[in-house]
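> Structure incoming, see below.
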Amino acid sequence: MNNTDSAAQLGFELHTAARLLKRNFDRRAKSHGLTRARWQVLWILNKEQGMKQAELAERMDVAPISLARQIDLLQAEGLVERRQDPQDRRCYRIFLTDAAAPVLDTLHGLAVEARAQALAGITAEEQRQLMHLLSRVRENLSREETVE
């Protein structure tokens, strides 16, 4: 296999592995009544509370109008709340409520299970190496994102 074929195969493997990991996690989450859109909102907010709805939509790579429906549903369930932005009264910031904690615990457990399956048979050293290499790939691709 030449370098061009190898690079093409690497791109395919990265894409396929990411897609399968997402689908694996989705199957696990679905058994708990959590769709991808729902768990992604909760997961991202758990890492960074108080994002503007537009920022959250961008992070999720979805249209703000699509996200609004998910936020409405999560708010109706008492898992998130919208708070008016003190600097800009036209927008709201999204926060998790205390009721989201058990759902996040469930999501964390599902993530542990999905990662364990994905990394089965891969040594700790190989995992560190993989993480390092993927971080470099992400950094390479992120440079272009910040230029636009």
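The values are calculated or read from the model by the stated rules, or taken from the named source; none is laboratory data. In this text, all values refer to a predicted model and were calculated from it rather than measured experimentally. Here Cβ is always computed from backbone atoms with ideal geometry, including for glycine, and neighbour counts include all displayed protein chains. Surface areas here come from the heavy atoms of the whole protein model, side chains and all, with no ligands, DNA or RNA. Shrake-Rupley method; radii C 1.70, N 1.55, O 1.52, S 1.80 Å.
> Quick one: in the stretch 34-53, which of the residues that are at pLDDT below 90 and open to solvent by 50 Å² or more (accessible area, probe 1.4 Å) is nearest to the chain's Cα centre (by Cα)?
Once the filter is applied, the top-ranked residue is R36.
> Kindly provide the set of residues from the stretch 31-90 that are touching a helix residue (DSSP H, G or I) at 6+ places or on another chain (Cβ under 7 Å) and either on the phi > 0 side of the Ramachandran plot or of a type in the set (K, R) (or both), ordered by number.
Answer for the stretch 31-90, where residues must be touching a helix residue (DSSP H, G or I) at 6+ places or on another chain (Cβ under 7 Å) and either on the phi > 0 side of the Ramachandran plot or of a type in the set (K, R) (or both): R36, R38, R59, G78, R82.
> Residue check, G50 against (1) of a type outside the set (S, T, N, Q); (2) within 13 Å of L110 (Cβ to Cβ); (3) in contact with a strand residue (DSSP E or B) (Cβ under 6 Å, 6 or more places away or on another chain), all met but one. Which one?
Here G50 meets the rest and fails (2).
> Can you confirm whether the stretch 118-128 contains a residue that is under 23 Å from N24 (Cβ atoms), modelled with pLDDT of 95 or more, surrounded by 13 or more Cβ atoms within 10 Å (Cβ to Cβ) and more than 18 Å from the chain's Cα centre (by Cα)?
Yes, there is a match, as at least one residue in the stretch 118-128 is under 23 Å from N24 (Cβ atoms), modelled with pLDDT of 95 or more, surrounded by 13 or more Cβ atoms within 10 Å (Cβ to Cβ) and more than 18 Å from the chain's Cα centre (by Cα).
> Considering only the stretch 58-98, state which residues are surrounded by 13 or more Cβ atoms within 10 Å (Cβ to Cβ), of a type in the set (A, V, I, L, M) and under 22 Å from K30 (Cβ atoms).
M60, V62, L67, I71, L73, L74, L79, V80, L96
> Looking for something touching a residue at least 24 places away in the same chain (Cβ under 8 Å) and β-branched (V, I, T) - is there at least one such residue anywhere in the stretch 61-68?
Yes, because at least one residue in the stretch 61-68 is touching a residue at least 24 places away in the same chain (Cβ under 8 Å) and β-branched (V, I, T).
> Give all pairs with beta carbons closer than 7 Å in which a residue from the stretch 85-97 that is within 21 Å of V41 (Cα to Cα) and among the hydroxyl-bearing types (S, T, Y) meets a residue that is open to solvent by less than 100 Å² (accessible area, probe 1.4 Å) and in a strand (DSSP E or B); count only pairs at least 6 apart in sequence or on separate chains.
Y92/R82; Y92/Q84; T97/V80; T97/E81
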